[in-house]
């Protein structure tokens, strides 16, 4: 009897152990299969398909903000998937979606309460594919001990995701330049030094700016500006790296409705950007008393043809021009009437 009892007490723990082990194995594989099932439902391939589009939400009022990347069906507009990216610096064009990636400006160890950042600060360009996986591409500036700026915070990634346009350094530096870099090889494919440009075009002073690539990526457009005024536009032919320097008409302001496909800009003959409210109001009053008119034009940088679109006696009026497509320009009259001008090609 005692022997049987001993066997009983030995067997029971073994059975319990086997049951618990079996349960652990079952739940492990169950959870693994469940996790795989959920991932297969929510994950997305690295690139967008032809019937997908991408949108994003960003809080421009925050110093550093997360961004939600939202992938949608083109026809229905329904959300397919989304993911978030943290530490976005909301300046210029910090989020640039392309076919196989989202290129973003990220900042690390940044304190918005102070002007001079502490050691450890850096800002970088990152690429995220549409499965949500990200990697750093390029260091723009950092502060190991002293602040070092390699590139400005503006950038433009080409539609084919091979090249990125950047502004290197700042005006006082000898190597200040507009640069187009190969993203894969990490080498400079095109460099336009400000000093070289000035030697050939001494009348065209100003700072480099980045406009955009054409839709097919064949050309990149930059600009030269002083304050709010555009001085010239720079068109660069991909691969051959040929440069066109196209002076802007007087009165062209930064942020004007620029058409990179056909080389059109808008401008007006008003008093221009003044910046100080009280001074601006005084100038506007002088214009009104003098009965001066303001003409609003569409101008072609290649042919130098200008097309009069509207005239007003209100020197403070902004026509709010916006390209609706490659050939349709929207603008508004002082009466509030909406107009659309169509380029005939």
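The values are calculated or read from the model by the stated rules, or taken from the named source; none is laboratory data. Just so it is clear, the structure is predicted and the values come from calculations on it, not from any experiment. Cβ coordinates were reconstructed from backbone atoms using ideal geometry, including for glycine residues, and neighbour counts include every protein chain displayed.
Would you confirm, using the coordinates I've provided, whether residue 138 is assigned by TED's automatic domain parsing to the domain that holds residue 110 and either part of a strand (DSSP E or B) or buried (at least 19 other Cβ atoms within 10 Å of the Cβ) (or both)?
yes
A single entry from 327, 274 fulfils the requirement of being more than 21 Å from residue 228 (Cβ to Cβ), outside the structural domain of residue 92 (by TED's automatic domain parsing) and surrounded by 14 or more Cβ atoms within 10 Å (Cβ to Cβ): 327. Checked against the criterion of being under 14 Å from residue 210 (Cβ atoms) and touching a residue at least 12 places away in the same chain (Cβ under 8 Å), the candidates 170, 151 yield just one match: 151. Taken residue by residue, the range 288-299 has no member that is assigned to a loop (DSSP other than H, G, I, E, B) and within 23 Å of residue 208 (Cα to Cα). With respect to the conditions (1) at negative phi; (2) in contact (Cβ under 8 Å) with a residue 24 or more places away in the chain; (3) buried (at least 18 other Cβ atoms within 10 Å of the Cβ); (4) touching a strand residue (DSSP E or B) at 6+ places or on another chain (Cβ under 6 Å), residue 204 lacks only one, and its number is (3).
The residues in the range 294-324 that are touching a helix residue (DSSP H, G or I) at 6+ places or on another chain (Cβ under 9 Å) and surrounded by 13 or more Cβ atoms within 10 Å (Cβ to Cβ) can be counted, and the count is 4.
Among the residues of this structure, residue 116 counts as one that is out of contact with any helix residue (DSSP H, G or I) (no Cβ under 6 Å at 6 or more places or on another chain), surrounded by fewer than 17 Cβ atoms within 10 Å (Cβ to Cβ) and under 13 Å from residue 147 (Cβ atoms).
Would you say residue 154 is part of a strand (DSSP E or B), more than 17 Å from the chain's Cα centre (by Cα) and modelled with pLDDT of 95 or more? Considered against the rule, which asks whether it is part of a strand (DSSP E or B), more than 17 Å from the chain's Cα centre (by Cα) and modelled with pLDDT of 95 or more, residue 154 comes out as no. One residue alone among 170, 128, 110 is more than 15 Å from the chain's Cα centre (by Cα), in the same structural domain as residue 53 (by TED's automatic domain parsing) and at negative phi, and that residue is 110.
If only residues of the range 245-269 that are at pLDDT 95 or above and more than 26 Å from the chain's Cα centre (by Cα) are counted, the one that is farthest from residue 318 (Cα to Cα) is 249.
Taking the numbered list (1) over 17 Å from residue 251 (Cβ atoms); (2) surrounded by fewer than 15 Cβ atoms within 10 Å (Cβ to Cβ); (3) under 30 Å from the mean Cα position of the chain (by Cα) in turn, residue 341 passes all entries but (2). Hey, can you tell me all the residues within the range 320-335 that are within 28 Å of residue 279 (Cα to Cα), within 25 Å of the chain's Cα centre (by Cα) and assigned to a loop (DSSP other than H, G, I, E, B)? Matches in the range 320-335: 320, 321.
Checked against the criteria, residue 239 counts as out of contact with any helix residue (DSSP H, G or I) (no Cβ under 9 Å at 6 or more places or on another chain), over 21 Å from residue 328 (Cα atoms) and either free of Cβ contacts under 8 Å to residues at least 24 places away in the same chain or not in a strand (DSSP E or B) (or both).
Among the residues making up the range 199-221, a single one is touching a helix residue (DSSP H, G or I) at 6+ places or on another chain (Cβ under 8 Å), over 14 Å from residue 244 (Cα atoms) and not in a strand (DSSP E or B): 205.
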